[in-house]
Amino acid sequence: MAARAQEQAGEPGEKPGKTPRTARGRATLRKLLDAAAIEFGERGFHEASISGITRRAGTALGSFYTYFDSKDEIFRALVQDMSAQVGVHAASAMQEATGALDRERAALQGFLEFAREHKEIYRIIDEAEFVDSDTYRAHYQVTASRILSRLKAGADEGEIRDDVSELHAWAVMGMNVFLGLRYGVWSEDMAPDAIASAANDFITRGLKP
């Protein structure tokens, strides 16, 4: 399931002529993307530098230009890569889930755990709105599409209302994003499983007494 999510999201930095064709090349690309996450997360897009990325990655400057033409390009690739990673973590977390509502609980727990480990994702995604608005919108559109697919599957299974729509998917995503900000980035004063269970209860029962 996780492999399918990765395939749907696409390979990070993938483009004609610059896709790694060896294990060593893929490892180098991974180092560059991981280093870029730290560089952009700590310094922001405008203060970050290519030399800072290669220094953190422990690679030569020439290695950077083997895969990317500019700082803008690796930033876009990083946003796509982080979006893909979120999908992979959610898919992995859902493997043991039983039913549609439990899948949403597990997906949120997986995301919260990812956000705590990669707090820089919020700064990077937020900056993407101004650095590359198409990549920013694509991140949320892809994420909402994943959620909508799960909700529709739940409707087909009879566990979720049959009029579930894109609006519901965006509402669930919005809740997840801000729970990740509050309980993943700003503080860790509540366990991810407890947060996910409370949110799942809210989805299941709403605000009715």
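The values are calculated or read from the model by the stated rules, or taken from the named source; none is laboratory data. No experiment lies behind these values; they were computed from the predicted model shown. Please note: Cβ atoms are built from the backbone with ideal geometry, for glycine as well, and neighbour counts cover all protein chains shown. We work out accessible area using only protein heavy atoms, side chains counted, and drop any ligands, DNA or RNA first. Shrake-Rupley method; radii C 1.70, N 1.55, O 1.52, S 1.80 Å.
So, in region 23-36, exactly how many residues are open to solvent by 10 Å² or more (accessible area, probe 1.4 Å) and in contact with an Asp or Glu (Cβ under 6 Å, 6 or more places away or on another chain)?
Residues that pass the stated criteria total 0.
I'm checking my understanding of the structure. Among residues of region 115-126 that are assigned to a helix (DSSP H, G or I) and open to solvent by 40 Å² or more (accessible area, probe 1.4 Å), which one is nearest to residue 105 (Cα to Cα)? Before the answer, list the steps.
Step one: filter region 115-126 for residues assigned to a helix (DSSP H, G or I), giving 115-117, 120-126.
Subset that is open to solvent by 40 Å² or more (accessible area, probe 1.4 Å): 116-117, 120, 123, 126.
On the way: 116: 17, 117: 19, 120: 23, 123: 25, 126: 25 Å.
Checked region 115-126; the qualifying residue nearest to residue 105 (Cα to Cα) is 116.
Quick one: in region 156-209, which of the residues that are hydrophobic (A, V, I, L, M, F, W, C) and over 20 Å from residue 144 (Cβ atoms) is modelled with the lowest pLDDT?
Step one: of region 156-209, the residues hydrophobic (A, V, I, L, M, F, W, C) are 160, 164, 167, 169-173, 175, 177-179, 181, 185-186, 190-191, 194-196, 198-199, 202-203, 207.
Add one more test, that the residue is over 20 Å from residue 144 (Cβ atoms), and what stays is 185-186, 190-191, 194-195, 198, 207.
Working: 185: 95, 186: 96, 190: 96, 191: 97, 194: 98, 195: 98, 198: 97, 207: 92.
Residue satisfying both the conditions and the ranking: 207.
What is the one condition in (1) hydroxyl-bearing (Ser, Thr, Tyr); (2) at pLDDT below 95; (3) assigned to a helix (DSSP H, G or I) that residue 98 does not satisfy?
Among (1) hydroxyl-bearing (Ser, Thr, Tyr); (2) at pLDDT below 95; (3) assigned to a helix (DSSP H, G or I), residue 98 violates only (3).
Exactly one of these conditions fails for residue 103: (1) within 18 Å of the chain's Cα centre (by Cα); (2) modelled with pLDDT under 95; (3) of a type outside the set (A, V, I, L, M, F, W, C). Give me its number.
Single failed check for residue 103: (2).
Consider only pairs whose beta carbons are under 6 Å apart and that are at least six residues apart or on different chains; among these, list those whose first residue lies in region 184-209 and is in a helix (DSSP H, G or I) and whose second residue is open to solvent by 70 Å² or more (accessible area, probe 1.4 Å) and not charged (D, E, K, R).
none
Report yes if residue 86 is assigned to a helix (DSSP H, G or I), more than 14 Å from residue 40 (Cα to Cα) and open to solvent by less than 30 Å² (accessible area, probe 1.4 Å), otherwise no. Before you say what the answer is, go through the steps one by one.
Values: assigned to a helix (DSSP H, G or I): yes; more than 14 Å from residue 40 (Cα to Cα): yes; open to solvent by less than 30 Å² (accessible area, probe 1.4 Å): yes.
So residue 86 fits the description; yes.
Considering every residue within region 183-204, establish whether at least one is closer than 21 Å to residue 89 by Cβ, under 15 Å from the mean Cα position of the chain (by Cα) and not charged (D, E, K, R). Write out each step before concluding.
Looking only at region 183-204, we keep the residues that are closer than 21 Å to residue 89 by Cβ, and these are 183-188, 190-200, 203.
Adding the requirement that they be under 15 Å from the mean Cα position of the chain (by Cα) leaves 184-185.
Next, only the ones that are not charged (D, E, K, R) stay: 184-185.
The answer is yes, given that some residue of region 183-204 is closer than 21 Å to residue 89 by Cβ, under 15 Å from the mean Cα position of the chain (by Cα) and not charged (D, E, K, R).
Quick one: is residue 54 open to solvent by less than 30 Å² (accessible area, probe 1.4 Å), polar (S, T, N, Q) and either out of contact with any helix residue (DSSP H, G or I) (no Cβ under 7 Å at 6 or more places or on another chain) or at pLDDT 95 or above (or both)? Before the answer, list the steps.
Numbers: open to solvent by less than 30 Å² (accessible area, probe 1.4 Å): yes; polar (S, T, N, Q): yes; either out of contact with any helix residue (DSSP H, G or I) (no Cβ under 7 Å at 6 or more places or on another chain) or at pLDDT 95 or above (or both): yes.
Judged against the criteria, residue 54 is a match.
Mind telling me which of the residues 164, 177, 142 ends up being assigned to a loop (DSSP other than H, G, I, E, B) and open to solvent by less than 80 Å² (accessible area, probe 1.4 Å)?
Values: 177 fails: assigned to a loop (DSSP other than H, G, I, E, B); 142 fails: assigned to a loop (DSSP other than H, G, I, E, B).
Going through 164, 177, 142 in turn, the sole match is 164.
Is it the case, given these coordinates, that residue 41 is out of contact with any Gly (no Cβ under 9 Å at 6 or more places or on another chain), touching a residue at least 40 places away in the same chain (Cβ under 8 Å), open to solvent by less than 70 Å² (accessible area, probe 1.4 Å) and in a helix (DSSP H, G or I)?
Yes: the conditions hold for residue 41.
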